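Some notes on the structure that comes next.
Nothing in this text is a laboratory measurement; each read-out follows from the coordinates by a stated rule. What you are looking at is a predicted structure, and each value in this text was computed from that prediction instead of being measured. Neighbour counts run over all protein chains shown; Cβ positions are idealised from the backbone, glycine included.
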Amino acid sequence: MRITGVKTTLFRTTSEQRDRNAQGSAGTSPSHGCVIELGTDEGFVGVAICSVAVPAQLKQITDELLTGEDPRCVTGLWQRMVNASYRGGPRGFVKAAIAALDVALWDLKAKANQEPLWKTLGGARPKVNAYASGLDIQATDAALHDAMSAMAKKFGFRGGKLKVGLDPDADLRRLGIIRQALLANTAEPELMIDAGQYDSPKQAIRRVREIEKHVDLTWVEEPARRWDFLGLKRVSNSIRSAVCAGESLDAPGDFLPHFQCHALDVVQVDAASVGITGALQIADTAFGFELPVTLSRSPGNMHAHLGAVMPYCMSMAVVDPVLLGGVFTGDVRIEGGWAVAGDRPGNGLVIDQQALAKASGTDAAAGRVA
Amino acid sequence: MKITGYRSELYLMKANRAVGDANLPDGVDLLPGSILYIETDANITGISLGFGGGSVKTLFQAIEGADPREVVGLWIKMNDWVHKAGNEGEANAALSAIDIALWDLKAKIAGEPLWKTLGARAGRVKAYASGLDYCLSDEELFAFYRRMAELGVDSGKLKVGLDLQADLRRLAIMREALSVASARPQLMIDSNEYWSPKQAVRYIRQIEEKFDLVWVEEPARRWDYDGLRLVSQQVAAAVATAENINSVADVYPLIANQAVDVLNVSALHSGVTGCRQIANMANTYGLPVSMMNCQANFMAQVAAALPNHNMMEVVDPGREHCLKFSSRIEDGYIVLGDAPGFGIEVDEAILAALQKNPPVGKGRFPFPRRDGAARYIVPPAPGEVPWRRGP
């Protein structure tokens with residue numbers, strides 16, 4: 001099987017929930033993105049959804065490094081893409097493009113085997129501990145309550161994560177709202193907060209200690225800058241809860257100082273940053289260091305497939321238990337608080353071409369690359 | 001597809017020549033062999049070479065009836081299964097053998113060589129020659145490395161540790177033999193845990209006055225991360241180690257304490273899955289890994305797909321009596337074919353004959369440690385090795 005080329009389609013959909021954290025309370029939309037369709041000479045199409053629009057990088061990398069190659073050789077191709085970016089490193093747009101292409105390549109490998117991705121990776125059917133995430137920092141208390149209660153009731157979540165950082169009193173009050181909603185499913189809800197790299201380490205320590213007087217936290221996410229392993233370590237040494245970070249790092253090697261200095265208590269990986277290939281490398285490293293791994297949010301909750309082969313997979317973030325926007329569908333169900341992947345071949349992402357055509361209108365279509 | 005059963009065959013083989021090191025300078029030529037077959041309801045059988053002893057029966061309960069394509073999930077299940085006593089010893093050998101046979105199955109089901117199943121772009125692995133040669137005469141030593149050099153192999157690893165002057169002489173012989181492949185052959189030495197850390201530093205520094213060494217292997221005990229780090233800090237060569245540990249869990253203290261520069265990995269590192277875990281952990285730290293020697297070089301299938309593999313050990317003492325395979329060494333690389341799985345088939349008639357009439361030879365397994373280790377060096381006695389003549 002040979003790769004013949006890539007088709008990228010920018011799209012924009014309006015969504016009820018917007019991804020807003022302490023860094024940008026005005027928010028960015030998670031549903032502004034790019035559909036990637038990697039074509040082959042055997043008719044299989046590899047699909048990935050990229051949350052940033054990088055059509056130029058996707059086309060260049062595909063033309064120069066992937067076209068004519070066998071997509072089943074995906075780990076070698078990931079290395080080839082990373083090596084080609086050696087000088088500047090796999091950062092920024094290049095990172096996003098490599099990661100998305102790696103997801104599409106794995107999709108092809110699984111489709112060639114006519115099996116779901118979790119099986120191609122070698123996993124038993126995944127049952128990944130899911131938690132509710134991605135709640136709008138600006139949602140009103142009532143809206144937060146309604147949304148969380150609905151999520152808890154319908155999908156059985158036992159854990160929830162709040163974006164915090166701008167108003168300590170509100171953060172504490174809203175953690176209480178989440179906890180209350182989750183009590184429907186468990187006597188001990190797992191509560192997490194995400195500071196989004198907004199605080200200095202000492203600010204984070206003060207903030208978390210205050211919260212910990214009232215609430216037991218499972219982890220604090222990104223309580224210092226992503227590269228500041230000394231700051232992350234310092235926070236970990238000064239609070240009870242675990243420090244979690246990693247989704248914003250660019251490559252497995254960037255985790256070296258974090259592992260070496262024991263700066264992380266929970267290692268977070270995201271295929272949108274490091275591809276599936278890089279995510280599995282980091283998960284194996286974490287296993288060697290006896291550290292649990294958590295998976296970030298993912299389009300169609302596709303990360304559930306990866307959890308199947310991570311020996312120390314702790315949990316994964318779920319923003320949309322059912323998909324908003326309608327440009328694509330996935331094959332991961334959330335039931336009883338667990339993410340369970342189905343049997344659809346590949347990663348389960350299927351593009352609704354009609355909806356995509358509608359969502360890629362006007363200015364979005366200007367960036368379209370055929 | 002379901003796993004339905006297994007069969008384990010043990011046998012003895014006599015190698016074409018003896019192999020030896022600092023602990024067994026006189027060498028052995030009788031080697032234990034084992035083949036594990038894992039059967040499925042689709043009439044496809046997975047094969048694993050070596051190590052599949054009695055504990056397979058215990059662990060098989062964990063995988064019976066499962067889909068072999070879920071091999072990583074089954075690895076996790078087996079690793080949890082042996083939790084209390086640990087993934088060590090016999091359990092580790094069985095877990096490793098099962099995992100290897102399952103990966104063989106996974107690739108065969110996909111109808112492709114394992115290197116492709118694992119995602120590699122090519123079935124090609126750089127080789128280095130390793131004579132396991134303490135028991136070889138100087139002439140035999142030259143002949144082995146020259147034969148390898150004529151296949152394009154430009155790197156060699158000498159067994160050392162008991163006699164500095166002899167080791168220096170034989171390093172020069174190895175380099176000369178390899179010089180037809182490269183003007184600057186890569187030289188390695190291996191003392192198989194015979195020295196204490198400071199003995200190692202003294203010995204290696206004297207060698208380094210005359211030779212540029214790429215790595216020194218097992219210059220201290222396998223678990224002694226302080227000692228290994230001490231050696232690494234005091235010699236120019238990289239410290240290679242890990243061949244005698246079992247899993248990524250054992251690699252943790254070595255990597256975290258900066259005790260290792262090159263990780264030796266093998267089928268016994270908890271199978272293909274375990275090998276990949278170790279390589280991935282090493283890769284995060286920017287460390288290379290090197291695959292150990294094995295029958296028919298079958299683990300080259302795995303090495304080809306590791307992101308940080310440097311070169312694989314090739315001994316070629318003649319251990320493939322009952323095996324059919326298509327890999328070959330060409331231009332210094334192990335070149336793998338397109339046969340599905342590991343690309344190994346068993347000649348059942350030869351296997352049965354070996355079991356019926358076991359060969360006679362010199363064997364001492366499990367391989368023992370030599371007197372004096374880590375305290376004082378006991379040089380080969382006259383006549384113990386061909387290069388130290390009897391009285």
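Please give the charge dipole size of the range B:72-207, origin at the Cα centre, charges +1 on K and R Cβ atoms and -1 on D and E Cβ atoms. Round to the nearest 20 debye.
It comes to approximately 520 debye.
Where the eigenvalues come from the Cα gyration tensor of the protein assembly as shown, what are the semi-axes √(5λ) of the equivalent ellipsoid, largest first, in whole Å?
50, 28, 24
Which log10 I(q)/I(0) values does the range B:158-288 give at q = 0.15, 0.17 Å⁻¹ under the Debye formula, counting every alpha carbon as one identical point scatterer?
-0.70, -0.87
When N is the residue count of chain B, what does its C-alpha Rg come to as a fraction of 2.2 N^0.38 Å?
Its radius of gyration relative to the 2.2 N^0.38 Å reference: 0.96.
Just name one of B:Ala110, B:Ala129, B:Ser96: the one whose Cα is farthest towards the positive end of the charge dipole of the range B:52-129 (beta-carbon charges, Lys/Arg +1, Asp/Glu -1).
After comparing all options, I get B:Ala129.
Taking chain B as a Gaussian network, Cα atoms linked when under 10 Å apart, which of B:His321, B:His269, B:His309 shows the biggest mean-square fluctuation?
B:His321
From the C-alpha coordinates alone, can you work out the Kirkwood hydrodynamic radius of the range A:160-317, in Å?
Taking the inverse mean of 1/r over all distinct Cα pairs, the range A:160-317 comes out at 15.8 Å.
Please express the shape of the range B:1-53 as an equivalent ellipsoid: the semi-axes are the square roots of 5 times the eigenvalues of the C-alpha gyration tensor, given largest first in whole angstrom.
Taking √(5λ) for each Cα gyration eigenvalue gives 33, 9, 8 Å.
Just the C-alpha atoms of the range B:223-268: what Rg/Rh do they give, with Rh taken as the Kirkwood radius?
Answer for the range B:223-268: 0.95.
Report P(r) for the range B:108-160: all Cα-Cα distances, bin width 5 Å, range 0 to the bin holding the largest distance, values in whole percent.
5, 17, 20, 13, 10, 11, 11, 9, 4, 1
Counting Lys and Arg as +1 and Asp and Glu as -1, what is the net charge of the other residues whose Cβ lies under 11 Å from the Cβ of B:Asn283?
0
Would you kindly calculate the translational diffusion coefficient of the range B:135-194, applying Stokes-Einstein with the Kirkwood radius from alpha carbon pairs, for 37 °C and a viscosity of 0.692 mPa s, and quote it in µm² s⁻¹ without decimals?
The Stokes-Einstein estimate is 287 µm²/s.
Pop out the Kirkwood hydrodynamic radius of chain A from its pairwise C-alpha distances, inverse of mean 1/r, in Å to one decimal.
Evaluated on chain A, it is 20.7 Å.
Rounded to a whole number, what is D in µm²/s for the range B:274-391 from Stokes-Einstein with the Kirkwood radius over alpha-carbon pairs (25 °C, 0.890 mPa s)?
Estimated via Stokes-Einstein, D reaches 136 µm²/s.
Which entries in B:Lys198/B:Lys362; A:Lys7/A:Lys358; A:Lys127/A:Lys153; A:Lys59/B:Lys116; A:Lys111/B:Lys108 show an alpha-carbon gap greater than 23 Å?
The answer is B:Lys198/B:Lys362; A:Lys59/B:Lys116.
Using alpha-carbon pairs under 8 Å, 6+ residues apart, how would you state the relative contact order of chain B in percent?
Across chain B, relative contact order equals 21 percent.
Given the range A:177-239 reduced to its alpha-carbon atoms as identical point scatterers, what log10 I(q)/I(0) does the Debye formula return at q = 0.12, 0.19 Å⁻¹?
-0.32, -0.69
Taking the range B:211-367, how much of its Cα-Cα pair set, in percent, is spaced more than 22 angstrom apart?
Roughly 49 percent, once rounded to a whole number.
Please compute the alpha carbon radius of gyration of the range B:220-299, then divide it by the globular-protein estimate 2.2 N^0.38 Å. Two decimals is fine.
For the range B:220-299, the normalised Cα radius of gyration comes out at 1.03.
Taking the Cα centre as origin and putting +1 on Lys and Arg beta-carbons and -1 on Asp and Glu beta-carbons, what dipole magnitude results for chain B, to the nearest 20 debye?
Computed about the Cα centre, the dipole is about 340 debye.
Express in whole angstrom the spacing between the alpha-carbon centres of the range B:83-113 and the range B:228-258.
Comparing the Cα centres of the range B:83-113 and the range B:228-258, I get a distance of 25 Å.
Pick out, in residue order, every one of the trypsin sites (Lys or Arg not before Pro) in the range A:175-247 that is DSSP loop and has at most 13 other C-beta atoms within 10 Å; say none if there are none.
Taking the range A:175-247 and a limit of 13 other Cβ atoms within 10 Å, the loop trypsin sites (Lys or Arg not before Pro) found are A:Lys213, A:Arg240.
Would you mind giving the mean number of other chain beta-carbons within 10 Å of the Cβ of each residue in A:276-285, as a whole number?
5
Work out the P(r) tail for the range A:137-244: percent of alpha carbon pairs separated by more than 18 Å, whole number.
46 percent
With the Cα gyration tensor of the range A:82-208 in hand, convert its eigenvalues to equivalent ellipsoid semi-axes via √(5λ) and list them largest first in whole Å.
Square roots of five times the eigenvalues give 35, 24, 12 Å.
Please report the net charge: other residues with Cβ closer than 10 Å to the Cβ of B:Arg124, K and R +1, D and E -1.
It works out to a net charge of 0.
Mind putting a number on the dipole of the protein assembly as shown about its Cα centre? Charges go on the C-beta only, +1 for Lys and Arg and -1 for Asp and Glu, and I need it in Debye to the nearest 20.
Computed about the Cα centre, the dipole is about 620 debye.
Amide H neighbours of B:Ala22 under 5 Å, at least 5 residues apart or on other chains, H built in the peptide plane: list them.
Answer set, sorted by chain and number: B:Val160.
Only bridges whose two residues both fall in the protein assembly as shown count here: according to DSSP, what percent of them are antiparallel, nearest 5?
50 percent
Which of rounded, prolate or oblate describes the range B:1-144 when judged by the alpha-carbon gyration tensor and an a/c cut-off of 1.5?
The shape class here is prolate.
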